[in-house]
Amino acid sequence: MSLQIGPPEYIPLAMLNALAYCPRRFGYEFIQSEMLLNAHVVEGLLRHQGVDLGGTTWLAEAVQERRVYIWSERLRLAGFCDLVETRGGTSYPVEYKKGRPGRWKNDRVQLCAQAMCLEERTGGQIECGFIFYFAVRRREEVPFTPELRVEVERLAAEAQRLVAAGELPPPIDNPAKCRDCSLEPLCLPDEVRRLGAVAGWEGEVG
């Protein structure tokens with residue numbers, strides 16, 4: 001059952017990350033406002049505490065602004081950049097993540113969406129940004145390719161569509177993602193798929 005009353009004005013940038021990872025995760029976290037806390041989620045929240053305080057730092061060659069609110073009227077996205085760094089007259093987003101670089105695209109989608117919001121606010125062009133992974137203590141550069149930008153636009157539109165529909169998407173068929181997802185105990189993807197097979201609607205789950 002959806003807790004939304006009509007489509008939202010803006011989709012939070014963090015929820016675009018959830019949608020890129022799994023539509024059903026987006027459904028639980030945004031449409032139904034469900035979240036489960038485990039050790040990994042709590043660690044991620046604690047890691048962000050320093051960033052979430054905000055503030056500006058002047059370095060020898062750069063200026064860093066923390067927790068910068070941004071939005072896009074065109075994409076109907078809004079949220080916070082962990083860090084906007086300006087170096088050599090160029091500003092770009094830096095996102096902080098608890099783990100290590102992964103094989104999924106969701107973190108890159110979120111970062112590119114931040115850049116597209118910044119571009120709309122500033123009128124400039126941002127070629128790349130960075131994700132800082134605490135597990136390896138280094139930044140990963142993310143080029144904002146045309147393909148990644150198109151994916152951000154597609155997901156922004158899909159988020160609005162899913163919210164307007166107000167329905168929980170079916171589980172995805174990706175055991176590796178399900179295993180790593182904090183919402184797996186709530187989602188129960190294997191159980192849902194088995195029930196679907198028994199009921200004869202397994203083709204609707206994918």
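The values are calculated or read from the model by the stated rules, or taken from the named source; none is laboratory data. Here the structure is a predicted model, which is why all the values come from computation and not from measurement. Cβ placement follows ideal geometry from the backbone for every residue including glycine, while neighbour counts extend to all protein chains displayed.
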Point to revise | Candidate set: the range 116-152, residues that are loosely packed, with under 14 Cβ neighbours inside 10 Å and over 17 Å from residue 91 (Cβ atoms); chosen: the one nearest to the chain's Cα centre (by Cα) | key: 150
Review point. Name the residues in the range 31-51 that are surrounded by 14 or more Cβ atoms within 10 Å (Cβ to Cβ), in a loop (DSSP other than H, G, I, E, B) and either at pLDDT 90 or above or among the polar types (S, T, N, Q) (or both), would you?
Key: 32
Practice item. Having 1 or more residues that are among the aliphatic types (A, V, I, L, M) and over 18 Å from residue 12 (Cα atoms) is the bar; report the strands (runs of 3 or more DSSP E) wholly within the range 55-151 that clear it. Key: 63-72, 128-133, 138-143
Revision key, fill the gap. Residue set 161, 138; condition out of contact with any helix residue (DSSP H, G or I) (no Cβ under 8 Å at 6 or more places or on another chain) and within 21 Å of residue 24 (Cβ to Cβ); output residue 161
Review point. If we scan the range 182-198, do we find a residue that is surrounded by 13 or more Cβ atoms within 10 Å (Cβ to Cβ), modelled with pLDDT of 90 or more and under 30 Å from residue 92 (Cα atoms)?
Key: no
Practice item. Mind listing just one residue for me: the one in the range 77-104 that is out of contact with any Asp or Glu (no Cβ under 7 Å at 6 or more places or on another chain) and of a type in the set (D, E, K, R) and, of those, surrounded by the fewest Cβ atoms within 10 Å (Cβ to Cβ)? Key: 103
Study note, to complete from the structure: Exception for residue 109 within (1) of a type in the set (Val, Ile, Thr); (2) touching a helix residue (DSSP H, G or I) at 6+ places or on another chain (Cβ under 9 Å); (3) more than 26 Å from residue 54 (Cβ to Cβ); (4) at pLDDT 95 or above falls at (3)
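Results for (1) without any contact (Cβ under 8 Å) to a residue 40 or more places away in the chain; (2) over 26 Å from residue 177 (Cβ atoms), shown as yes or no for each residue.
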residue	(1), (2)
70	no, yes
74	no, yes
81	yes, no
93	yes, no
110	no, no
116	no, no
Check your understanding: Pick from 27, 54: which is farther than 18 Å from residue 126 by Cα and at pLDDT 90 or above?
Key -> 27
Review point. How do the pairs read when you match residues in the range 173-195 that are farther than 18 Å from residue 99 by Cβ with residues anywhere that are assigned to a loop (DSSP other than H, G, I, E, B) and aliphatic (A, V, I, L, M), using Cβ under 8 Å and keeping only pairs 6 or more apart or on different chains?
Key: 173/205; 185/36; 186/36; 189/172; 192/205; 193/205
Practice item. Can you tell me which residue within the range 1-24, out of those that are at pLDDT below 95 and polar (S, T, N, Q), is surrounded by the fewest Cβ atoms within 10 Å (Cβ to Cβ)? Key: 4
